[in-house]
Amino acid sequence: MANTNADLGRVASGRKNADLEHWDVENDAFWEREGKKVATRNLWISIPSLLMGFAVWLMWGMITTQMRNLGFPFSVDQLFTLTAIAGLSGATLRIPASFMIRIAGGRNTIFLTTALLMLPAAGTGIALMNPGTPFWVFQALALLSGIGGGNFACSMSNISTFYPKKQQGYALGMNAGLGNFGVTTMQILIPLVMTVGIFGAIAGGPMELQQASGTLIGRIEAGTETWIQNAGFVWLVFLIPLAFAGWFGMNNIRDITPNPGSPMAAFSKILGLYGVGMLTAIAGVVALGWLNMWIALPLTIGLTLALLRLLPGQIRANIQKQFAIFSNKHTWSMTVLYIATFGSFIGFSAALPLSITVIFGNMMDVAADGSVTRIANPDAPSALTWAWMGPFVGALIRPVGGWISDKLGGSIVTQVISVIMVIASAAVGYVMMLAYNSTDPNQYFWMFLVLFIVLFAASGIGNGSTFRTIGVIFDQQQKGPVLGWTSAVAAYGAFIAPRVMGEQIKLGTPELAMYGFAIFYAICLAVNWWFYLRPNAEIKNP
């Protein structure tokens with residue numbers, strides 16, 4: 001006999017982490033009686049788990065800044081490359097992660113993917129204990145930290161299945177918005193924990209700063225003792241209890257995952273999917289040495305999808321069924337729009353710390369004969385003091401974007417923020433040009449910072465509005481894979497932004513990167529209007 005809603009109540013109350021046999025959240029009576037309580041518990045375990053994913057994924061932006069201050073034997077280009085590799089890996093791993101929930105179950109997936117973050121966290125701490133650690137080791141650890149980026153796709157796909165359509169903006173906004181606080185948490189916590197030997201002899205001794213650094217509360221002068229290895233070890237304090245919380249407090253939904261198999265079988269599926277993503281991420285890194293970035297990235301995505309189709313047995317059949325999303329034109333239009341919003345948020349989060357260090361850490365000096373050279377700026381602002389502000393605002397406002405979009409419609413909100421991003425991106429590019437070529441770049445720093453905060457705020461609101469639109473357009477079966485897919489492609493912003501900004505800074509024209517982003521936002525403005533706001537649009541949203 002089929003289980004009733006009452007049966008579900010007994011299952012859920014008997015053991016919190018039991019599989020949910022029936023899940024009818026569009027039924028108001030069921031939602032108020034049983035669904036809301038279960039969904040809330042899963043959401044509030046998912047949020048800190050996702051927060052840790054963001055922190056581990058994007059920690060390289062802050063770590064590389066401090067590696068430069070400590071005199072690690074790597075060039076600025078190599079340090080930008082570490083940040084970009086983590087971005088490329090995280091984005092690529094999101095593609096297989098998009099399909100995990102329907103193959104392995106939500107509880108199984110969130111538990112294992114959270115536990116896997118311990119590998120790059122511990123490994124990075126060990127590697128940073130020795131400035132002589134080879135560069136390839138840091139490349140491998142940056143690649144592994146991409147697990148944290150991949151986790152976003154399965155996390156969002158999972159939470160979308162727990163809430164009714166009328167609360168998609170709230171649920172996805174809370175999960176992603178508060179999860180995005182992992183960026184800010186990382187940018188505040190890493191500089192602080194590096195100032196004290198909080199793990200004692202286990203984590204090794206300190207190193208001395210060769211250049212001034214900073215924390216949230218101020219500047220730290222050269223010569224100060226620093227425990228950079230704590231930037232990796234600190235995440236283990238949170239990841240261990242979170243893994244237990246995911247295992248004992250979350251649920252698989254059988255309506256979404258009819259056959260997850262035993263936990264070990266589910267784990268093997270998850271590891272297989274991430275194995276494919278890791279393999280193609282490595283291929284992408286190699287391809288970047290031979291090909292233009294704009295060719296290598298699509299090849300990486302295509303190779304990932306092709307290998308997923310070759311996986312054996314039930315996994316292949318399930319994935320091929322979910323590939324139906326690619327025949328829907330709205331999958332592609334929403335992918336473009338989410339690149340503009342989340343891609344900008346994550347890309348600027350990754351690139352901003354080192355960009356502040358390079359652009360404002362040096363200044364032009366005019367010699368008596370009129371020749372101009374770049375020299376160190378003795379009063380440069382510390383990226384470790386200021387870089388957290390933009391991601392903090394972007395993450396804080398993301399749930400607001402979801403809430404406003406529930407009221408007004410996602411597409412109208414996306415249109416407004418796209419206009420703001422066009423203007424702000426062009427303006428910040430102009431300010432970067434002035435600062436880079438100035439004998440006193442500090443005078444431009446506050447304008448630079450404020451404009452970036454505007455960009456982060458607009459992208460944060462847009463993150464909420466685009467996900468709200470996806471929740472309205474797609475049905476229960478397609479919504480999760482589309483959320484995962486769009487977030488996967490958009491996450492390449494964490495690779496593209498550091499790479500583009502690093503290349504343009506190296507050429508002495510940082511403003512061109514921001515002008516290019518402004519042109520892309522203008523294209524997104526037209527895409528959003530054409531598909532969702534013009535008078536004869538197939539789907540009117542609002």
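The values are calculated or read from the model by the stated rules, or taken from the named source; none is laboratory data. Quick caveat: nothing in here was measured; it's all calculated off a predicted structure. Here the Cβ positions follow ideal geometry from the backbone for every residue, glycine too, while neighbour counts run over all protein chains shown. The accessibility values were calculated without ligands, DNA or RNA, using every heavy atom of the protein model including side chains. Shrake-Rupley method; radii C 1.70, N 1.55, O 1.52, S 1.80 Å.
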- Message: Is there a quick way to get the dipole size of region 31-107? I mean about its Cα centre, with the Cβ of Lys and Arg at +1 and of Asp and Glu at -1; what is the value in debye to the nearest 20?
- Response: 400 debye
- What residues have an amide H closer than 5 Å to that of residue 438, excluding those fewer than 5 places away on the same chain, when H is modeled at 1.01 Å from N in the peptide plane? 364
- Message: Just to check, using Stokes-Einstein with a Kirkwood Rh over alpha carbon pairs, what's the diffusion coefficient of region 119-192 at 4 °C and 1.567 mPa s in µm²/s?
- Response: 89 µm²/s
- For region 321-331, Karplus couplings with θ = phi - 60° (6.51, -1.76, 1.60), whole Hz, Gly/Pro x: 5, 6, 5, 4, 4, 6, 8, 9, 4, 6, 4
- Item | Exceeding the 26 Å Cα-Cα cut-off - candidates 36/479; 269/479; 166/269 | 166/269
- Note on the structure: Karplus-derived 3J(HN,Hα) from phi for region 400-414 (6.51 cos²θ - 1.76 cosθ + 1.60, θ = phi - 60°), whole Hz, x at Gly and Pro, runs 5, x, x, 5, 4, 5, 4, 8, 9, x, x, 6, 5, 5, 4
- Message: What does the extension gain come out to for residue 437 and residue 526, with contour length at 0.36 nm per residue minus their alpha carbon separation?
- Response: 28.6 nm
- Of all DSSP beta bridges in the chain, what percent run antiparallel (nearest 5)? 90 percent
- Report, to the nearest whole %, how much of the accessible area of region 237-379 belongs to carbon and sulfur atoms, 1.4 Å probe, protein only. 70 percent
- Counting only GluC sites (Glu not before Pro) that are in a DSSP loop and have at most 14 other C-beta atoms within 10 Å, tell me the longest site-free stretch of the chain. 222-537
- Task: Quick one: grab the alpha carbon gyration tensor of region 268-398, order the square roots of its eigenvalues as a ≥ b ≥ c, and give me rounded if a/c is under 1.5, else prolate or oblate depending on whether a/b is larger than b/c.
- Result: prolate
- Query: Cα centroid distance between region 389-423 and region 183-217, in Å?
  - Reply: 33 Å
- Tell me, what is the percent relative contact order of the chain, built from C-alpha pairs under 8 Å that lie six or more residues apart? 23 percent
- Task: Sequence neighbours fewer than 8 away in the same chain don't count; with that in mind, list the aspartates and glutamates whose C-alpha is under 16 Å from residue 16.
- Result: 7, 34
- Query: What does a probe at residue 17 reach in region 252-292, counting residues whose amide N is under 18 Å from the point 7 Å along Cα→Cβ?
  - Reply: 252-254, 260-271
- Query: So for the pair residue 240, residue 268, with labels modelled 7 Å out along Cα→Cβ, what separation do we get in nm?
  - Reply: 3.0 nm
- How many Å² of accessible area per residue for the chain, probe 1.4 Å? 36 Å²
- Note on the structure: Once amide hydrogens are built 1.01 Å from N within the peptide plane, the residues lying 5 or more places from residue 214 or on another chain with amide H under 5 Å from its amide H are 220, 384
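Using a simple charge model, +1 on the beta-carbon of Lys and Arg, -1 on the beta-carbon of Asp and Glu, nothing else, what dipole does the chain show about its Cα centre, in debye to the nearest 20?
1480 debye
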- Note on the structure: In terms of the charge dipole of region 240-394, which places +1 on Lys and Arg and -1 on Asp and Glu at the beta carbon, the residue among 367, 355, 275 farthest towards the positive end is 275
